[in-house]
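First the structure, in the form of structure tokens, and then the observations on it.
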Amino acid sequence: MSAAYWRRAMNTGAAARLPTRSLPTQPSVVVGSDQSAPTTVRWLEFLRRELSVRHGVILVGVLIYPFVASPFFTYQIGAQALALGLIALSLTLLAGYGGMVSLAQMTVAGLAGYLVAIFGHSAATTISLNWPWWLSVLFALALAVVFAIAVGWLSVRTEGIYTIMITLAIGVALFYFAQQNYTLFNGHQGFNQVFPPSVGDVDFRGPVPFYYLALACALLGYFFVKHLVRTPFGVALQGIRDNPRRMHALGFNVTAHRVAAYAVAGLLAAVGGVLITWYNNRISPGSMGLGVMINILVIAVLGGIKHPIGAFVGAIVFVLLQNFAIDLVARERFNLVIGGVFLVIVLFSPDGLLGLWAMVRSRFRPQSPNTNQRRHP
């Protein structure tokens, strides 16, 4: 990086004028070589480059899953894991790519679920406004994103344990507010009979339609995050994660990037919150309590917080343990089981199950001889 560019970045903050090679944190792979191409063309090029044989096999597997699984496994395991994975994906975006660990993602998801019940239909007819489902969902997502922006604006000025404590305090505060407010949140009872909609001849109350609805949202969220982290915004966010002072010196607005990341993560969490509300057919303060907030962190770390797919891997493992571990131990001791699994994964693989899988593959992968090694006489 030349001295002229450095002075221009320091004096004017014109980071957009800096050449791409001046950013050491920027990866060599970008979304597309032709930024003037239409958005659809760039997305198709991105999907062509990202989709490998492994992705194709997984995609075919999740598509045919409802035809080979029972309704219990389709709805109770598959749909629930996809919805929880989408919420954990929002934490993966913040923590894995932004370096910001937020415990308020389930709070954002729970608020979106409450807003869907308030604006839409529920058993609490004196509170719910009975709007059309699509309008209630749009308003719920929009207000949840606004709330996520407010959480980000308050927390991005801190780092480390202070960020965790601020987001935890916000989540606990909203939990107690919803529990004690009967006018708007219906107190500890919450809202019952919050059913998913029917679109034409498709009733999303059924296990298979709801599974495909959750799968579509999960795929959109996954590929959106994969695309986002390769855009200039995503590259700058990763640079801020690694060295915020240097990125500020290069002219990037660190606070704005972090708050924008909270907004995007809030949208992902809000969509997952709507799905979870429709899955349970109800929303209550317990849906966004302290235990549930910790569960989202466990899911993200369990799968691998540095990988978007890790959120869904962790969600599948968590849901399987939640449904079948009670056959081996008492239901009230489930937290002991998931805590033990979490401790083992963290001790042996800080990168979660995906990191453990990578270590196993590298151990059994045949190593090719190094042809570039210098030969000594």
Residue that is out of contact with any Gly (no Cβ under 8 Å at 6 or more places or on another chain) and in a helix (DSSP H, G or I), where the choices are 358, 300: 358
Exception for residue 151 within (1) part of a loop (DSSP other than H, G, I, E, B); (2) buried (at least 18 other Cβ atoms within 10 Å of the Cβ); (3) touching a Gly at 6+ places or on another chain (Cβ under 8 Å) falls at (1)
Lone unmet requirement of (1) touching a residue at least 24 places away in the same chain (Cβ under 8 Å); (2) more than 20 Å from residue 278 (Cβ to Cβ); (3) assigned to a helix (DSSP H, G or I) for residue 100: (3)
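Per-residue answers, yes or no, for (1) among the aliphatic types (A, V, I, L, M); (2) crowded, with 24+ Cβ neighbours inside 10 Å:
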| residue | (1), (2) |
| --- | --- |
| 68 | yes, no |
| 79 | yes, yes |
| 84 | yes, yes |
| 90 | no, yes |
| 98 | no, yes |
| 101 | yes, no |
| 108 | yes, yes |
| 111 | yes, yes |
| 134 | no, no |
If you go through the range 84-119, how many residues are more than 21 Å from residue 176 (Cβ to Cβ) and among the aromatic types (Phe, Trp, Tyr)? 2
Go through the range 304-336 and count every residue that is among the aliphatic types (A, V, I, L, M), surrounded by 14 or more Cβ atoms within 10 Å (Cβ to Cβ) and modelled with pLDDT of 80 or more. 9
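Which ones in the range 171-191 are buried (at least 16 other Cβ atoms within 10 Å of the Cβ) and either among the charged types (D, E, K, R) or more than 11 Å from residue 110 (Cβ to Cβ) (or both)?
172, 179, 186, 191
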How many residues of the range 137-166 are more than 12 Å from residue 261 (Cα to Cα), in contact with a helix residue (DSSP H, G or I) (Cβ under 8 Å, 6 or more places away or on another chain) and at pLDDT 95 or above? The answer is 7
Set 110, 85: member being assigned to a helix (DSSP H, G or I), in contact with a strand residue (DSSP E or B) (Cβ under 8 Å, 6 or more places away or on another chain), more than 18 Å from residue 230 (Cα to Cα) and at pLDDT 90 or above: 110
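The values are calculated or read from the model by the stated rules, or taken from the named source; none is laboratory data. Remember, it's a predicted structure, so these values are computed and weren't measured experimentally. Backbone-built Cβ (ideal geometry, glycine too); neighbour counts: all protein chains shown.
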